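Enquirer: Submitted below is the structure of interest, expressed as structure tokens.
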Amino acid sequence: MEQLCTFYLDSYFLAVDALRVQEVLRQQPLTQVPLAPPAIKGLMNLRGQIVPVVDLRHRFGFAPLPPGKKSFNVLLRGQDGLVSFLVDRVADVIEVPSEDFEPIPETLQGEGRRLLRGAFKLEKRLLLVLDAVRAMDASEL
Amino acid sequence: MDGMQEIVAEFLVESREGLDQLDRDLVALEETPDDKELLARIFRCAHTVKGTSGFLGFTKLEALTHAGESLLSRMRDGEIRLDDAKTTALLAMVDAIRAMLDEVEVGATDGDKDYSELTETLRQMAAGEAVQIKRSEPVAPAAPPAPVHIAPEPAVEEPIAVDAHAPAQHESHTANETVRVDVGLIDHLMDFAGELVLTRNQIMQMPSTRADALSSAAAQRLNLITIALQEGIMRMRMQPVDSVFSKFPRIVRDLARGCRKLVRVELEGKNTELDKTLIEAIKDPLTHLIRNAVDHGIEPPDVRQARGKPAEGRILVRAFHQGGQVNIEMSDDGAGIPLDKVKAKALARNLVTPEQVAGLTEPELTSLIFLPGFSTADQVTNVSGRGVGMDVVKTNVEAIGGTVEVETQLGKGTTFRLRIPLTLAIVPALLVASGSDRFAVPQVNLLELVRVEEGRNEQLIEYVHGAPVYRLRGKLLQLIFFDEQIGRPSSVSRTSFYIVVLQASGRQFGLVVENVTGQQEIVVKPLPKQVKDIGIFAGATILGDGRVALILDTLGLAQRGHVVSEIRERAALPKLSDLVLAAQERCTYLLFRGPDDGRMAIPLASVARLEIIRTDQLEPSGEHEAIQYRDDIMPVVPVERVVIERRSRPRSDAPEASNNEANVIVFGRPGAYMGLVVADILDIVEGPVTLQHAGTRPGVAGTLILQSRIAEILDLDYVLSAVLGEEQARSLLKSA
């Protein structure tokens, strides 16, 4: 079984390994970084630690959320420290059998495809597994 | 049993410290073999190790140190002189002691390795000249002028058991003054202090209406205590770079011997202090660089002599603070890095494509050596040339937020420059605002703050050849608009703004910002990797309200704003020391068109103003023409008049013929102005301070290469004297 932390991003139902998730927060005040890659929404202060915030919508090529709509921060432990992903809404932590894991369906195209590791076919819908390492990789931004 | 372990642990720490000192002293002793004080210190150290190891029952260690001590004792007494073989043997002893101490640490014994041969060598050396070792003592009291405080003299005469007590007593005296503290504990305290500073900032920012008199007094006290605490902890963490540098003479000596080269190391700025963690972090990169310098840089003596250099190579390691950063430079006067070889190697190893190489400039080619898997050594030696190294140096330095630069000249030498930024530190900073964002400017880079308001200052911003400048007390200051640099529409009002005068690489420039919101102690935190390479931010910090603020990197800003050139122009490198100097002493020049269309320049600092005058307003006045200028009469002279033209070719006398206007460079000060008419103002550029060649005609002080072309430097002294008369010129130059 695999424990996954799931969330919504535009039309996608996404997941990351729950063990890598440190915490989930409502939208936090951000400090923009001029000249930074556009997917870097800014820096946030997490109890004295400075954490980069990656706009997943931008990474996947989705339009920004309408103004006034708040996003959520999913904080993941990465190789170079914590990274926060901005997502539309956080859902449940679920358990799925590892053997249900499948490669990404051919129908999925575009930039998003590179950021996904695979998918789980759930009863009602498809759960896409985010390649968190690639999504936060500085050299890919 | 615990007590015993403690003693052993203490013995290990003390001995290791002693050995580090021993290494340095032995190499130093080689230079001055008759230095009695050095000898005494070396002897004492060996003696202490011998005594304690005997007491603790490490017999092999004891036998070895005893043999060494005997040799040292006779040298101290002036009976034996140090020579090369003896130094080598003694250094071997130091290494052997180190190895045995490592064994003691893990296994509580001095190990299975056999050092009897070395012990025997030392013994023979000690016995070498005199027949008996033991009986030589009576000479001792006569020979040394007793520079020793804690009588090491009886050492050799007395039984070992007694020796063991002597050093123990000696230690107990000094132990009262210093305490050994675990580094981890200091790091922890540092973190707490950082948090305390943030909390303090939050409290200080509370609206004053809410704070009654009592709590504001408490807040004030909290503030003072925080400052004191933080300073104390900071100081606790500082160490002189000497702790790294001092290892270099020994490393170089051993390596040079191994490669059959003659190398001298010179260390400068040993007392430059650096945060302990940074010292640790630069230790390996620096060691690697110095090994490289000996192995690859310095040529063998015969080659050097054939090339007309002294047989002995020279490596200069230099540390200094500059603009809130620690700079470490390592220069050698060796063979330099052959760029064609670099190119070939990089291609052979598929690190770059031929197309890429074709487009590279020299500095870019040089920096190929930092690519992983690169090595130019033809032969793999046991020192270097295994293809690991330079990339590791770069990675290590960059890991602490620093940079490495390399500058090389074939046949002349190579200089590596490490720039270690301020990290992990609490620094005072100025907070500036752009829109709703605040940025921190470390105060070490800050020279002054100018508020510019229309009406109050006579002139706001002027433009010289498109570059914005501000006249600050009669000197032209280049400006950078912060909003523009960070790619935002300007938020600065044209009529009121601040100029933050900063210093980078010895150059001053003004940063134009919308507002200044205050100053604060900030805890510098490294930037996350995703935003590390932007170049104009040195780090980030958390402000009192909990928001993150970016810390500006002054040098990065200056480079981005083209105030200092990113890749330094290559000047001729006559001497190693000049090479180091040249990198630092640079100034800004105003470049203009001189007579015969040549390029002329003058230090920007000597220029008061640049004006455009109407030539029909010129009136004859004595020898020269003059114009009314700022309620004053300013003599105005065309540059052709003071600098003699080389070619006599017919040309219209006045360069300003076409539209009745002329460019005038104004020198001097109110009451004593002088104007120089030039055909064209070309540019403002950076260049070395020292002139490269002397002038060849009157009015020219010398020549310089600016922007890879020759420019003549105007002899201001001469020009002012010619126009204003010597007396006034002298008073002007003096006041400048």
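Enquirer: Exactly one of (1) at pLDDT 80 or above; (2) within 27 Å of A:THR31 (Cα to Cα); (3) crowded, with 18+ Cβ neighbours inside 10 Å; (4) touching a strand residue (DSSP E or B) at 6+ places or on another chain (Cβ under 6 Å) is unmet by B:ASP437. Its number?
Expert: Result: B:ASP437 passes all but (4).
Enquirer: Considering only the range B:490-502, I want to know if a residue exists there that is within 14 Å of chain A (Cβ to nearest Cβ) and either in contact with a Gly (Cβ under 6 Å, 6 or more places away or on another chain) or at pLDDT 85 or above (or both).
Expert: Yes.
Enquirer: In the range A:43-66, is there at least one residue being under 16 Å from the mean Cα position of the chain (by Cα), more than 14 Å from chain B (Cβ to nearest Cβ), within 24 Å of A:GLN3 (Cα to Cα) and of a type outside the set (A, V, I, L, M, F, W, C)?
Expert: Yes: the range A:43-66 contains one or more residues that are under 16 Å from the mean Cα position of the chain (by Cα), more than 14 Å from chain B (Cβ to nearest Cβ), within 24 Å of A:GLN3 (Cα to Cα) and of a type outside the set (A, V, I, L, M, F, W, C).
Enquirer: Does A:GLY78 fit the bill of being surrounded by 14 or more Cβ atoms within 10 Å (Cβ to Cβ), on the phi > 0 side of the Ramachandran plot and within 14 Å of another protein chain (Cβ to nearest Cβ)?
Expert: Against the criterion (surrounded by 14 or more Cβ atoms within 10 Å (Cβ to Cβ), on the phi > 0 side of the Ramachandran plot and within 14 Å of another protein chain (Cβ to nearest Cβ)), A:GLY78 does not qualify.
Enquirer: Of everything in the range B:529-560 that's in a loop (DSSP other than H, G, I, E, B) and either more than 8 Å from chain A (Cβ to nearest Cβ) or touching a helix residue (DSSP H, G or I) at 6+ places or on another chain (Cβ under 8 Å) (or both), which residue is surrounded by the most Cβ atoms within 10 Å (Cβ to Cβ)?
Expert: The first filter runs over the range B:529-560 and keeps only residues in a loop (DSSP other than H, G, I, E, B), leaving B:535-536, B:543-547, B:553.
Now restrict to residues that are either more than 8 Å from chain A (Cβ to nearest Cβ) or touching a helix residue (DSSP H, G or I) at 6+ places or on another chain (Cβ under 8 Å) (or both): B:535-536, B:543-546, B:553.
On the way: B:GLY535: 14, B:ILE536: 21, B:LEU543: 21, B:GLY544: 18, B:ASP545: 12, B:GLY546: 15, B:ASP553: 26.
Residue satisfying both the conditions and the ranking: B:ASP553.
Enquirer: Under 30 Å from B:VAL265 (Cα atoms), at pLDDT below 80, surrounded by 18 or more Cβ atoms within 10 Å (Cβ to Cβ) and more than 14 Å from chain A (Cβ to nearest Cβ): which single residue out of B:ALA582, B:ALA572 fits that description?
Expert: So the residue among B:ALA582, B:ALA572 that is under 30 Å from B:VAL265 (Cα atoms), at pLDDT below 80, surrounded by 18 or more Cβ atoms within 10 Å (Cβ to Cβ) and more than 14 Å from chain A (Cβ to nearest Cβ) is B:ALA582.
Enquirer: Would you pick out the residues in the range B:361-389 that are closer than 16 Å to B:GLU405 by Cβ, of a type in the set (A, V, I, L, M, F, W, C) and modelled with pLDDT under 80?
Expert: Selection gives B:LEU371 alone.
Enquirer: Which condition from (1) surrounded by fewer than 18 Cβ atoms within 10 Å (Cβ to Cβ); (2) under 26 Å from A:GLN109 (Cα atoms) is the one that A:LEU86 breaks?
Expert: (1)
Listed here are the residues, each with its yes/no results for (1) at pLDDT 85 or above; (2) small (Gly, Ala, Ser); (3) outside any loop (DSSP other than H, G, I, E, B).
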{"residue": "B:ALA67", "(1), (2), (3)": "yes, yes, yes"}
{"residue": "B:ALA92", "(1), (2), (3)": "yes, yes, yes"}
{"residue": "B:ILE97", "(1), (2), (3)": "yes, no, yes"}
{"residue": "B:VAL106", "(1), (2), (3)": "no, no, yes"}
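Enquirer: From (1) facing another protein chain (nearest Cβ under 7 Å); (2) surrounded by fewer than 18 Cβ atoms within 10 Å (Cβ to Cβ); (3) of a type in the set (A, V, I, L, M, F, W, C); (4) touching a residue at least 24 places away in the same chain (Cβ under 8 Å), pick out the condition that doesn't hold for A:LEU35.
Expert: (4)
Enquirer: While we're here: Can you find a residue in the range A:92-111 that is assigned to a loop (DSSP other than H, G, I, E, B), among the hydrophobic types (A, V, I, L, M, F, W, C) and either touching a Phe, Trp or Tyr at 6+ places or on another chain (Cβ under 6 Å) or more than 27 Å from B:GLU195 (Cα to Cα) (or both)?
Expert: yes
Enquirer: Just to be sure, is A:LEU86 within 14 Å of chain B (Cβ to nearest Cβ), over 12 Å from the mean Cα position of the chain (by Cα) and in a strand (DSSP E or B)?
Expert: In short, no.
Enquirer: Still on this structure: Collect the residues in the range A:120-141 that are aliphatic (A, V, I, L, M), under 18 Å from A:LEU82 (Cβ atoms) and more than 13 Å from chain B (Cβ to nearest Cβ), keeping them in residue-number order.
Expert: Passing the criteria: A:LEU130, A:ALA132.
Enquirer: Please state which of the following conditions B:LEU22 fails to meet, knowing it meets all the rest: (1) among the hydrophobic types (A, V, I, L, M, F, W, C); (2) more than 21 Å from B:PRO249 (Cβ to Cβ); (3) in contact (Cβ under 8 Å) with a residue 40 or more places away in the chain.
Expert: In the conditions (1) among the hydrophobic types (A, V, I, L, M, F, W, C); (2) more than 21 Å from B:PRO249 (Cβ to Cβ); (3) in contact (Cβ under 8 Å) with a residue 40 or more places away in the chain, B:LEU22 misses (2) alone.
Enquirer: Moving on. Only residues that are under 19 Å from the mean Cα position of the chain (by Cα) and loosely packed, with under 12 Cβ neighbours inside 10 Å: list them for the range A:90-123, please.
Expert: Once the filter is applied, which keeps residues that are under 19 Å from the mean Cα position of the chain (by Cα) and loosely packed, with under 12 Cβ neighbours inside 10 Å, the range A:90-123 yields A:ASP92, A:GLU95, A:PRO103, A:GLN109, A:GLY110, A:GLU111.
The values are calculated or read from the model by the stated rules, or taken from the named source; none is laboratory data. For clarity, every value in this text was computed on a predicted model and none was experimentally measured. FYI the Cβ positions are ideal-geometry reconstructions off the backbone, even for glycines, and counts take in every protein chain you see.
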